[in-house]
Amino acid sequence: MNFLRKNYGILKNPTKKNICSWLSSHRIKNFYIENNKQKKERIKKILNNVKKKKITKVTNLKRKKIWDKGWKEVYLKYKISHKLSSLFPIYQPTPGVIRLFNEFVIFKDRFIFDKLSTIFLKKIFFYFRDCKTIFDFGCGTGKNSILLKKKFPQKNVVALDRSFYSSRIIKEINNVYKFDIKFKKFDFFKPNLLIKIPQNSGVLTVTALEQVGTKFKNFLLYLKKFKPSVIVNLEPEDFFYKKNLYDSSMLKFHKKKGYLTGYIKHLKYLEKKKIIKIICIQRLYFGSEDNEALNLIVWEFLNG
Ligand SMILES: C[S@@+](CC[C@H](N)C(=O)[O-])C[C@H]1O[C@@H](n2cnc3c(N)ncnc32)[C@H](O)[C@@H]1O
């Protein structure tokens, strides 16, 4: 099934004109698409930056402190402002630059990444339609838990993260929205089996499993214990990159960060062994300047 084509009406090889009308159809204004010369220059700049910049790998233990510090800042801001946009973390030095359908699109809006993500996520949450409870693993600032709760007020939402400050933010979100999102401290590397996933549950990870690099097996074993109804991963993954300049600039960044690698290959192996069924693997052709962070991987466990 071509999920994108069926649900978003986006062509697989869209023209600049199609990108413009797709954005306009979502009432997004004030943008331009870079021409081929600008595109080449941007890729050159990205490749140069990746080469020169000192980047701490996501699996480095120092990263835990970096997340805690970042989420503490978000918590303190959100506590005062209660603005949804304060839960949109800006990771990029140039936040208005977006990779969209193989082009670089430049926006004035600094929060455009989250606005566009929301469009994709709202559609993708369709996979949770029959779930009673949804687990948002690596919830970060809880912005996706808010989206889940807004879309499905009757469903239970559990937000999980390794960072203490995520718990504080979720508490504040519950106060602001009068939600009852539960928070659980959770580490992908050492999953706590006492955190049970009940029947009819869905699992979501959004740019969260990316943080484990190649060490995703403990999390998979944890999931296997409870066999949730559906698992939806929106992650950068090495599987998606092709051999062209546009993609290779992302792959270099991906490798330097140490993002999720070999995950889809492993899922395909599990499918061959009849342990799981892959429902959808779909590149969304959407991301920030450095990489396409959201690619769709949907799967389920087979019974028995
Ligand atoms: C890029 S953020 C994504 C947050 C959120 N899902 C979103 O879409 O905004 C990655 C999150 O993963 C969390 N994380 C990193 N390593 C983790 C681990 N080993 N176990 C659980 N969470 C982890 C970080 O604390 C952070 O909140």
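If the requirement is being within 15 Å of the ligand (Cβ to nearest atom) and basic (Lys, Arg), which of these qualifies: Lys215, Lys182? Before you say what the answer is, go through the steps one by one.
Numbers: Lys182 fails: within 15 Å of the ligand (Cβ to nearest atom).
None of the others qualify; the one that does is Lys215.
All conditions but one from (1) within 17 Å of the chain's Cα centre (by Cα); (2) farther than 20 Å from Ile80 by Cα; (3) within 13 Å of the ligand (Cβ to nearest atom); (4) without any contact (Cβ under 8 Å) to a residue 60 or more places away in the chain apply to Gly142; the one that does not is (2).
Pairs meeting the criteria (first residue in the stretch 210-229 and modelled with pLDDT of 95 or more and surrounded by 14 or more Cβ atoms within 10 Å (Cβ to Cβ), second residue assigned to a helix (DSSP H, G or I) and small (Gly, Ala, Ser), beta carbons under 9 Å, at least 6 apart or on different chains) are lacking.
Screening the stretch 199-209 for residues that are surrounded by 13 or more Cβ atoms within 10 Å (Cβ to Cβ) and at negative phi and picking the one that is farthest from the ligand (Cβ to nearest atom) gives Ser201. Across the stretch 62-77, which residue is nearest to the ligand (Cβ to nearest atom) among those that are within 21 Å of the chain's Cα centre (by Cα) and not charged (D, E, K, R)? The extreme case among them is Trp67.
From the list Ile169, Ile197, Ile173, which residue is at pLDDT 95 or above, outside any strand (DSSP E or B) and closer than 15 Å to Leu220 by Cα? Show your work before the answer.
Working: Ile169 fails: closer than 15 Å to Leu220 by Cα; Ile173 fails: closer than 15 Å to Leu220 by Cα.
The match here is Ile197.
The set of residues in the stretch 145-178 being surrounded by fewer than 17 Cβ atoms within 10 Å (Cβ to Cβ), within 13 Å of the ligand (Cβ to nearest atom) and not hydrophobic (A, V, I, L, M, F, W, C) is empty.
The values are calculated or read from the model by the stated rules, or taken from the named source; none is laboratory data. Because the structure is a prediction, the values reported are computed rather than measured. Cβ sites come from the backbone with ideal geometry, for glycine too, and all protein chains shown count toward neighbours.
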